[in-house]
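Remarks on the structure that follows.
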Number of protein chains: 2
Amino acid sequence: MTTARLEKLNASLGASGLDAVALNPGPTLTYLTGLHFHLMERPVVFLVARGQTPAVVLPELEMLKVEEMPYPVQVFSYGENPSEWEAAFRKAAQSLGLDGKRIGVEPRQMRLLEFRYVKSGAPEADYPDASDVLGSLRLRKDKQEIEAMRRAVRVAQSALEATIQSIKIGMAEKQLAAELVTQLLKHGSEPELPFSPIVSGGPNSANPHASPTERKLQAGDLLVIDWGATVDGYISDLTRTFAVGQVEAEYEKIHRVVQEANTAGRAAGKPGVPCADVDKAARAVIEGAGYGQYFTHRTGHGIGMEAHEEPYMRGDNMQILEPGMAYTVEPGIYLPGRNGVRVEDNMVVTETGSESLSDVPREIRVVG
Amino acid sequence: MTTARLEKLNASLGASGLDAVALNPGPTLTYLTGLHFHLMERPVVFLVARGQTPAVVLPELEMLKVEEMPYPVQVFSYGENPSEWEAAFRKAAQSLGLDGKRIGVEPRQMRLLEFRYVKSGAPEADYPDASDVLGSLRLRKDKQEIEAMRRAVRVAQSALEATIQSIKIGMAEKQLAAELVTQLLKHGSEPELPFSPIVSGGPNSANPHASPTERKLQAGDLLVIDWGATVDGYISDLTRTFAVGQVEAEYEKIHRVVQEANTAGRAAGKPGVPCADVDKAARAVIEGAGYGQYFTHRTGHGIGMEAHEEPYMRGDNMQILEPGMAYTVEPGIYLPGRNGVRVEDNMVVTETGSESLSDVPREIRVVG
């Protein structure tokens, strides 16, 4: 499978005018090799040059991983002293003849650490952004990938249901987040979660990217839970919003609006339509209800091995949806200093429309 | 506290010939602001130029965090469309007069994503590696920081003791790792663990950086567990090695050797001696026993907000230990294709010597 993926990359290098790509540890490297490397203070780089045996530069203490490589690779290893590292990168670049070439990189993934070492071996090369080329390799999920995502959704949903039962007024956000993580693992998530869950109550729920705090849940709070699981390296990313006891009428109203926007956004996705349409469908509902200015982010992002990847559901993104693409639909309304709502599902484009992998109740539920 | 840290940075900028630093989300940004930002596809950069009001460039949906800043900052925000982002960075660089200046960066932390945006605002600037300057800010831990690390060790140790009881022959490494993470959270770790625990049995234990697999524990295995907790943003990072039932005599022997090396390494650390001495003391024991070639990594690394930071316990590192520095002592012996051992503790340099924050039994214990 991974050999086929390497061939796919080689083919798209040709088509996109790149001579090579340089990858550091992250989803693309794992997608191409099946191996996990740590992102650490020692640089690890995987180099694929068109039509050549790929090369890996890595610390000696990671050498055992090379044996697990699914195809032959050239290995350039270095010891513990950083002064030796550059030489290993220079040898690798030389062996692949990289200098002066077009070497694609992933700016969202590659650190200056790895980049400067790669550049020391190929100082006259160009380093264009190859995120699109590399992202498109992973863009259309195959059956096996979708099955893993489906299981990641299932694990997340049962973990949520188990967690809801323990929610009480007076519980700190952090405490609830820890309980949710415990349940995610108990229900079968891999220990490396896609992201640390967001558990935000009351005014904190009006911050779409809040980290859990020591704030205790109070009656009248909205409670936003944004969480996900990892199964076989694939992730889920869901959000539901709860009412802690009785909440203001306007909070119930914005939840209704967001839920309708979520429904509209989910309905809009199908093969042949641009990502923009998904965003517009969800946004129209919120704007129609007069809350447009409080929906401060795009409607969704792609998911797969990462919690944020292509395709992005933005009003200006004309990228066309195709079967196998997977993304979130997550409209929200955030009333600054007051409370916020978000409802998020995980979608996969099918041959004729799209399917929501998630189905845990979207209605506002009362907890505490 | 964080205002004092900003002043400390301003002072060391002057001393190190830097005009400014550019930081992306990570420990140094958190150390200086007390705030956590996500590392995501939208670039967030914190810019500190000597003697000026610091600037932050961030997406509009992160604006609420700006209110939590402990001191005044200039804010440059951007919307969802990536084509607008560069302008925000250009404005920030202009306001601070960054072009042509020396702007320190952290190559281990900064991605090409943020770097290219910063550079678009200051194309003629130099971007030297400021890891040492920035790392040294965090190098000597104060009482409050050490107290947090002490609690992170305590949480990790009680989580391990709770986990040990459930270890059984036939249990998969992944299953054991999930149980350990559950116990870490139950015992009080923050959900964002310092790293995903390493749980490696049998031949996998001979790989110092193994990820947990589906392999089931067998009688005769050595079992390496490398784990840690997070408390108030500070971490612990420990390793213990167990015997699953009865193990070969040589495995008991290499455990004895590693444990002695750990003791020697812990004893070597005190104010005024170079980091190299800690490495040499541990390595001498392993070399003396004839296993030198199987101790394939340095003896330790600094810890604090990160699992790997300065100072590094390498044989060639002449950096002098000072009170408040914190690091691991983690010698190991890895017999390729067979089994491996590592014993790791967390040390803090005191006024007169050094103290091990960890004290969970180091002896080989039989499980399963």
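The figures follow:
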read-out: Under 20 Å from the A:ALA249 label point (7 Å along Cα→beta-carbon), backbone N, the stretch A:338-360; value: A:338-341
read-out: Relative contact order [Cα under 8 Å, 6+ residues apart], the stretch A:143-367, whole percent; value: 22 percent
read-out: Solvent-accessible area buried by A and B, counting both chains, probe 1.4 angstrom, square angstrom; value: 4300 Å²
read-out: R0 of 30 Å, Cβ-Cβ distance A:ARG140-B:ASP132: FRET efficiency to nearest 0.05; value: 0.10
read-out: Förster-model FRET efficiency, 30 Å R0, B:GLN74 and B:GLU192, C-beta, rounded to 0.05; value: 0.55
read-out: Rough spin-label spacing in nm, given labels placed 7 Å along Cα→Cβ, for B:GLU147 and B:GLN293; value: 5.1 nm
read-out: Fraction of beta bridges assigned by DSSP in the protein assembly as shown that are antiparallel (%, nearest 5); value: 75 percent
read-out: Inter-copy label distances at B:ARG338 (7 Å, Cα→Cβ; nm, one decimal); value: 7.0
read-out: In Å², nearest 10: area of A:LYS119 left accessible to a 1.4 Å probe; value: 80 Å²
read-out: Mean projected area in nm² (Cα convex hull; one quarter of hull surface) for the protein assembly as shown; value: 29.2 nm²
read-out: Helical contribution to [θ] at 222 nm, DSSP H n ≥ 4, -39,500 (n - 2.57), averaged over chain A, rounded to 500; value: -10500 deg cm²/dmol
read-out: Shortest-first distances to equivalent copies, position B:GLY290, nm, label 7 Å out along Cβ; value: 8.6
read-out: At least 40 Å² of accessible area lost relative to the chain alone, listed for the stretch A:41-60 with a 1.4 Å probe; value: A:GLU41
read-out: Simple label model, 7 Å out from Cα along Cβ direction - A:GLU86 to A:GLN165, nm; value: 6.1 nm
read-out: Separation of the A:THR2 and A:GLU67 label points, Cα + 7 Å toward Cβ, nm; value: 1.5 nm
read-out: Ellipsoid equivalent to the stretch A:143-367 - semi-axes via the Cα gyration tensor, in Å; value: 26, 22, 13
read-out: Accessible area expressed per residue, the stretch B:191-274, with surrounding protein chains retained (probe 1.4 Å, Å²); value: 32 Å²
read-out: Under 28 Å between alpha carbons - lysine pairs in chain B that sit 8 or more apart or on different chains; value: 29
read-out: Members of the stretch B:281-326 that become less accessible by 20 Å² or more once partner protein chains are added (1.4 angstrom probe, chain alone as reference); value: B:THR296, B:HIS297, B:ARG298, B:HIS308, B:ARG314, B:ASP316
read-out: Whole-percent carbon and sulfur share, accessible surface of the stretch A:2-137, 1.4 Å; value: 48 percent
read-out: Listed residue (B:ASN317, B:HIS38, B:GLY220) projecting farthest to the positive dipole end of chain B, Cβ model; value: B:GLY220
read-out: Efficiency of FRET from Cβ geometry, B:GLU60 and B:THR213, R₀ 56 Å, rounded to 0.05; value: 0.85
read-out: Degrees between helix A:2-15 axis and first principal axis of chain A (Cα, 0 to 90, nearest 10); value: 80 degrees
read-out: Projected-area mean, the stretch A:2-137, by convex hull of Cα positions, square nanometres; value: 6.9 nm²
read-out: Test item: Cα-centred dipole of the protein assembly as shown, Lys/Arg +1 and Asp/Glu -1 on Cβ, debye; value: 320 debye
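The values are calculated or read from the model by the stated rules, or taken from the named source; none is laboratory data. Please read all numbers here as calculations on a predicted model, not as lab measurements. Glycine gets a Cβ as well: all are built from the backbone with ideal geometry, and neighbour counts include every protein chain shown. Ligands, DNA and RNA are excluded from the accessible area calculation, which covers all protein heavy atoms including side chains. Shrake-Rupley method; radii C 1.70, N 1.55, O 1.52, S 1.80 Å.
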